[in-house]
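So the structure is just underneath, and the comments pick up after that.
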Amino acid sequence: TPRGLTVRRDSDRRNAFVGWARVPNAVGYNILWGIAPNKLYQTYQVFADAPRALEIRALTVNQNYYFAIEAFDENGVSRLSPVVGPR
């Protein structure tokens, strides 16, 4: 499970910057977000050779969001990280 998930909303509240610590031998990561801790319905997939930061530009201005991350490789998907929010 990835650790060190950080989320920062931009001054333009439609955007958020997400960062995390790498997991050894991970092929990639799924960043999940949504409007409640149990409603993380949006996902962005990033491969491990990409920068370990992501700018999400798909948020609603006056909405709080919750975020989590999981790693994946050829064997499957890790447990979901603790949920970070509200943002």
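Observations
- Filtered by the rule that a residue be more than 19 Å from residue 47 (Cβ to Cβ) and either in contact (Cβ under 8 Å) with a residue 40 or more places away in the chain or in a strand (DSSP E or B) (or both), the stretch 11-28 gives 13, 14, 15, 16.
- Residues in the stretch 29-69 that are assigned to a loop (DSSP other than H, G, I, E, B) and among the small types (Gly, Ala, Ser): 36, 48, 50, 58.
- Condition check for residue 38: within 9 Å of the chain's Cα centre (by Cα) and within 19 Å of residue 83 (Cβ to Cβ): no
- Being hydrophobic (A, V, I, L, M, F, W, C) and without any contact (Cβ under 8 Å) to a residue 40 or more places away in the chain is a description that applies to residue 53.
- For residue 74, the conditions (1) free of Cβ contacts under 8 Å to residues at least 24 places away in the same chain; (2) open to solvent by 30 Å² or more (accessible area, probe 1.4 Å) all hold with the exception of (1).
The values are calculated or read from the model by the stated rules, or taken from the named source; none is laboratory data. Keep in mind the model is a prediction, meaning the values are calculated, not measured. Heads up, the Cβs are rebuilt from the backbone with ideal geometry, glycines too, and the neighbour counts pull from every protein chain shown. Heads up: the accessible areas ignore ligands, DNA and RNA and are worked out on the full protein's heavy atoms, side chains in. Shrake-Rupley method; radii C 1.70, N 1.55, O 1.52, S 1.80 Å.
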